[in-house]
1. Quick check on the stretch 120-215: take the gyration tensor over C-alpha atoms, sort the square-rooted eigenvalues as a ≥ b ≥ c, and tell me if it's rounded (a/c under 1.5), prolate or oblate.
2. Quick one: check the C-alpha center-to-center distance for the stretch 162-191 versus the stretch 279-320, whole angstrom.
3. For q = 0.17, 0.23, 0.24, 0.27 Å⁻¹, what log10 I(q)/I(0) does the stretch 28-106 give under the Debye formula with an equal point scatterer on each alpha carbon and no solvent?
4. By how many degrees, between 0 and 90 and to the nearest 10, does the Cα long axis of helix 268-277 differ from the longest principal axis of the chain?
5. Mind running the shape call on the stretch 73-178? Use the C-alpha gyration tensor, a ≥ b ≥ c as the square roots of the eigenvalues: rounded below 1.5 for a/c, prolate if a/b tops b/c, oblate otherwise.
6. Above 35 Å lies some portion of the pair distances; for the chain, what is it as a whole percent of all C-alpha pairs?
7. What's the FRET efficiency of Asp367 with Glu181 using the Cβ-Cβ distance as r and R₀ = 22 Å, to the nearest 0.05?
8. Gain in length, Asn325 to Glu52, computed as 0.36 nm per residue apart minus the alpha-carbon separation, to one decimal in nm?
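The values are calculated or read from the model by the stated rules, or taken from the named source; none is laboratory data. Given the structure is predicted, the values throughout are model-derived calculations rather than measurements. In this analysis, Cβ positions are derived from the backbone assuming ideal geometry, glycine residues included, and neighbour counts consider all displayed protein chains. Protein only, heavy atoms only, side chains kept; ligands, DNA and RNA dropped before computing areas. Shrake-Rupley method; radii C 1.70, N 1.55, O 1.52, S 1.80 Å.
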Amino acid sequence: MGNAPQSSICFVIPRYVTFSTGGAEIQVYYLVNEFLRRGWKVEVLCAGKGKEEEIKNSPYFDARIHYHYYSYKTFRFLEFFSALFLLFKTQSDIYYQRTDFALTAACAYYCRLRKRKMVYAMAHDKDAEKGKYIREFKQFTYQSKFKQILRKLDFLLVDRMVEWGKRKANFILAQNIYQKEQFEDSFYRTPTIIPSSYQNNISDSIEKENIVLWVANMTSDKQPELFYQVVNKLQTTKGWRFVMVGKKSKELVRNENSIVEIKGELSYSDTLEWFKKAKIFINTSSAEGMPNTFIQAWFNKVLVLSLKVDPNFLLREKQLGYVFNNEIDALVDFLNRLIAYDMDIAEILDKAYSYASETFDVRRNVDKLITLIQN
């Protein structure tokens, strides 16, 4: 299905893996590779103008892709015009836009003008809600009242652009049930659920070590400080390593007395090595979509312990791990038992691996996407 060489798709995203390896970027990377494998012409429109040579040195750079780069603007609404200008240089039939920003509206406007099909794919639960950027504005502090007013106007305008783009897209994709239902409430449109994708090239013979792993960019919504709290509350840590991987945040103040190892930002392949070795993965986020880290854990047979996030109720109802309803002491108590008694979790790990293999296979999900677009 979808192998016709004349088929073409353009992925529109603020950053791509050649520039940043966040969850949304990795998801687009998997889709790009699958469309290329099927013989499609692929274009990518993303930030990176002025850094073309640096990007070409990225291990993710692919000469088969036609790239279009724009530059970030101080006022983010202006990126609408940068993206729109570049879109007129593209030649695709389908436009897949992921990660909200002014380019959401630019993509929608271009597709309406040129009668192209646009797919808008949510990358986070917050993408299903209105007023996303003005809520983020409230988290910032400004020394200048004038700058505060300008930024507020900027974010208000970006919100309006994003919401208009979501209303005008031909197809809306959600990762989970919450996103589908919330988007319906917010925009009176019903998204199609297509799960996150993964390229499964994991070896069955993985030598595990006593490692408890935390992986994410260390931003406020990921709540990295809670991992410290969990480790510091454990009754015993003898014989175990506690490892954090992710871009460091100024807000995270390291406790020098803690045994937590902070590895910082690593490449995707290096991060995957930690999943191969680890036995337990802990998520402390306040909100997510469908975390790539969960999928990586399931494919690598790492037990998932989540403080709050439970996408599609897979932990609670499908029993692919454990969720603790935002009760940190409950998570600590369970982790204490895991470490102290070496609990048998093989059945959970096997069930999670089987479910992930069935649900997140990129080939099946691209089949679903192509069927949706063609129908």
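1. On the way: a/c = 3.27, a/b = 1.46, b/c = 2.24.
Note, shape of the stretch 120-215 comes out oblate.
2. Computed from Cα coordinates, the inter-centre distance equals 24 Å.
3. -0.72, -1.24, -1.31, -1.45
4. Rounded to the nearest ten degrees, it is 30.
5. Details: a/c = 2.92, a/b = 1.48, b/c = 1.98.
Oblate, because a/c is 1.5 or more while a/b does not exceed b/c.
6. Result: 27 percent of Cα pairs exceed 35 Å.
7. Details: r = 25 Å, r/R0 = 1.13.
Once the sixth-power term is evaluated, E becomes 0.35.
8. On the way: separation 273, 0.36 × 273 = 98.28 nm, distance 4.47 nm.
Using 0.36 nm per residue and subtracting the Cα-Cα distance, I get 93.8 nm.
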